[in-house]
1. Considering the options Pro261, Leu106, Ala281, tell which one lies farthest towards the positive end of the dipole of the chain, charges being +1 on Lys and Arg and -1 on Asp and Glu at the Cβ, about the Cα centre.
2. Assigning unit charges at the beta carbon (Lys, Arg +1; Asp, Glu -1) and nothing else, what dipole magnitude in debye, to the nearest 20, does the chain show about its Cα centre?
3. Near the amide H of Ser279, under 5 Å away, which other amide H atoms are found, from residues 5 or more places off or on another chain, if H is placed in the peptide plane?
4. Sorting check: for 3-13, 128-138, 200-210, which peptide has the highest mean count of neighbouring beta carbons within 10 Å, and how do the rest follow?
5. Computed from these coordinates, which is Cα extents along the principal axes in Å: [x] 49, 44, 39; [y] 70, 38, 37; [z] 58, 40, 36?
6. If I model a spin label at Arg43 and Arg9 as a point 7 Å from the Cα along the Cα→Cβ vector, what separation in nanometres do I get?
7. State, to one decimal in nm, how far the label point of Glu226 lies from the label point of Glu91, with both points 7 Å from Cα in the Cβ direction.
8. Any chance you could give the angle, 0 to 90 degrees and rounded to 10, that helix 179-192 forms with the longest Cα principal axis of the chain?
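Just so it is clear, none of the values below were taken in a lab; they were calculated from the coordinates. Values in this document were obtained by computation on a predicted structure and should not be read as measured data. In this analysis, Cβ positions are derived from the backbone assuming ideal geometry, glycine residues included, and neighbour counts consider all displayed protein chains.
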Amino acid sequence: MKFLEFWRREADRFQAIVFDIDGTLLRGPHQLPGAAELLGEVRFQKKPLFFLTNDGNHTLEQKCSFLIRAGLTARPDEIINCLSGLESQAEKHDWVGRTFFAAGELGELERVSCVKLERDLGRLEHCAGVILSEGVYDWRVSWEAIVNFFRRNPERLFIVPNPDGYWPSPSNGVFGIGAGGQARCIQLILKEMGIEIEPIYLGKPHAAIYEHTLYELERRFGVEPEPECILMLGDSLASDVRGANRAGFTSALVLTGITTPEMAANADGELRPGLIFDSIA
């Protein structure tokens, strides 16, 4: 089944639609077939839409520019990334004004005022915790410092905006290690030392990014959201489908990204999509 056909027939059932980007609307720098037509249809219907991404390395403007260069219509305020919910989480958990050591490239976080960022490893001991991202930085030096920091201070906070363990490069098929993968390596090393720490994840499939989506839907569109009336379209069982199901959204899987038909057929529990589509068009 093609998603565009379904949407034209069933759009009235939903208050809003939320899209994953890579593997759903884009493959590398190129739009997937039907993506532009689908976005045009949603906008013509005046249906609220958001783009959800675990990419915390780029600003909202940069991520938006990737969509625009691929020929898709998008605005920065329609993009919700794994850092978008940090402010509400900071208020909720009393992190506001505290200083965190920032490892890696944190894109949008450089503008966030709810917490302070420290880049000097020499001042790590004075920080309330660590915020870990990916990108270009000296992993070995930072990881050793972070491991020793949590060895001495296991009660301090380990915030990981992007839970993804890895990410595929569309240009050469090589996989990069995501912030979630790095965090779990650090967690495993500490566990071997007898020290238990639990990273706090902000992106898909964890709650913070979906809570922020509901907040933005109500704040910007005046919609009192009913989670089951929000459709999440993505290509990942572990990220998009699991997150949507946990949040109570209607989960829709499209088989144009990392999930094969066999994987989709065998998925169960919170990995089981409510709807499955071969492609958008």
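1. Looking along the dipole axis, the top candidate is Leu106.
2. Working: 29 positive and 40 negative charges, 49 e Å.
My answer is approximately 240 debye.
3. Phe3, Leu255
4. Working: 3-13: 14.3, 128-138: 19.3, 200-210: 23.8.
Sorting 3-13, 128-138, 200-210 by mean packing, highest first, produces 200-210, 128-138, 3-13.
5. The calculated read-out lines up with [z].
6. Placing both labels 7 Å beyond Cα along the Cβ direction yields 2.7 nm.
7. Taking the simple label geometry, Glu226 and Glu91 are separated by 2.7 nm.
8. 40 degrees
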